[in-house]
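Structure first, then comments.
The values are calculated or read from the model by the stated rules, or taken from the named source; none is laboratory data. Fair warning: this is a prediction, and the values are worked out from it, not measured in the lab. Positions of Cβ are backbone-derived with ideal geometry, glycine not excepted, and every protein chain shown enters the neighbour counts.
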Amino acid sequence: MRILVVDDDMVSREKLGLILSSVGQCETVDSGKNALVIFEEHLSLGKNFDIITLDVSMPEMDGTEVLFEMKVLEKDYHSQNVSSAKILMVSCLSDRDTVMTCIQAGCDGYLIKPFNKQSIFKQLAKIGVY
C-alpha cells in the first residue's frame, strides 16, 4: 500500500507517517505544492497512492485546494487506468462548515487532531482501506 502524508506541522507529519508506515510504504511532505509534484510523478508512472492524508490548514495552499488539484490530475490520468486515492483530511477544526467543505471537495474521510493510532485506523476502516 502506498501512502502520502501531507502536513506542514512536523510533529503531526512524523506521527502520521510513523503510524501509517505499519500498513504500507509511506512518504511525507511538508506542503501542498510538494504533494502535487510527488502525486503527479506517481500518476505519470501509472501509479497512484492508495491513501493520502491532507492537512486542511497549510500556508500557501490549503488542503482543500490540494484535494481539488489532485482530483483534476486523477481525471487527466484516468485513461491510464490509475485508480483513485482514498483521501483523508486531517485538522484540528471540527466545525460543520469545515468538514462539509472538505466532503464537498471530494475527500473520503476526516480525521480530527489530536489523533492517535486507534482514531487513524478507525477512519481508515470507514473509508475501506483497513
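Which residues, taken from segment 110-122, are of a type outside the set (D, E, K, R) and farther than 20 Å from residue 8 by Cβ?
116, 118, 119, 121
Taking segment 15-53 as the search range and keeping residues that are within 22 Å of residue 120 (Cβ to Cβ) and among the hydroxyl-bearing types (Ser, Thr, Tyr), which one is surrounded by the most Cβ atoms within 10 Å (Cβ to Cβ)? Within segment 15-53, the match that is surrounded by the most Cβ atoms within 10 Å (Cβ to Cβ) is 53. When the criteria are applied in full, residue 54 fails the requirement of being under 17 Å from residue 88 (Cα atoms), free of Cβ contacts under 8 Å to residues at least 24 places away in the same chain and of a type in the set (A, V, I, L, M).
Does residue 93 qualify as being surrounded by 12 or more Cβ atoms within 10 Å (Cβ to Cβ) and either acidic (Asp, Glu) or out of contact with any Lys or Arg (no Cβ under 7 Å at 6 or more places or on another chain) (or both)? The answer is yes for residue 93. Within segment 108-125, the set of residues being out of contact with any helix residue (DSSP H, G or I) (no Cβ under 6 Å at 6 or more places or on another chain), closer than 16 Å to residue 85 by Cα and surrounded by 14 or more Cβ atoms within 10 Å (Cβ to Cβ) comprises 108, 123, 124. Filtering segment 90-127 to residues that are of a type in the set (A, V, I, L, M) and in contact with a Gly (Cβ under 6 Å, 6 or more places away or on another chain) leaves only 127. Residue count for segment 69-88 satisfying the condition of being part of a helix (DSSP H, G or I), modelled with pLDDT under 95, farther than 19 Å from residue 129 by Cβ and not polar (S, T, N, Q): 5.
Go through 56, 99 for me and flag whichever is more than 14 Å from the chain's Cα centre (by Cα), at pLDDT 95 or above and surrounded by 15 or more Cβ atoms within 10 Å (Cβ to Cβ). Exactly one of 56, 99 is more than 14 Å from the chain's Cα centre (by Cα), at pLDDT 95 or above and surrounded by 15 or more Cβ atoms within 10 Å (Cβ to Cβ), namely 99.
Within segment 64-81, the set of residues being in contact with a Ser or Thr (Cβ under 8 Å, 6 or more places away or on another chain) and closer than 15 Å to residue 38 by Cβ comprises 74, 77.
Just to be sure, is residue 37 among the aliphatic types (A, V, I, L, M) and either free of Cβ contacts under 8 Å to residues at least 60 places away in the same chain or assigned to a helix (DSSP H, G or I) (or both)? Against the criterion (among the aliphatic types (A, V, I, L, M) and either free of Cβ contacts under 8 Å to residues at least 60 places away in the same chain or assigned to a helix (DSSP H, G or I) (or both)), residue 37 qualifies.
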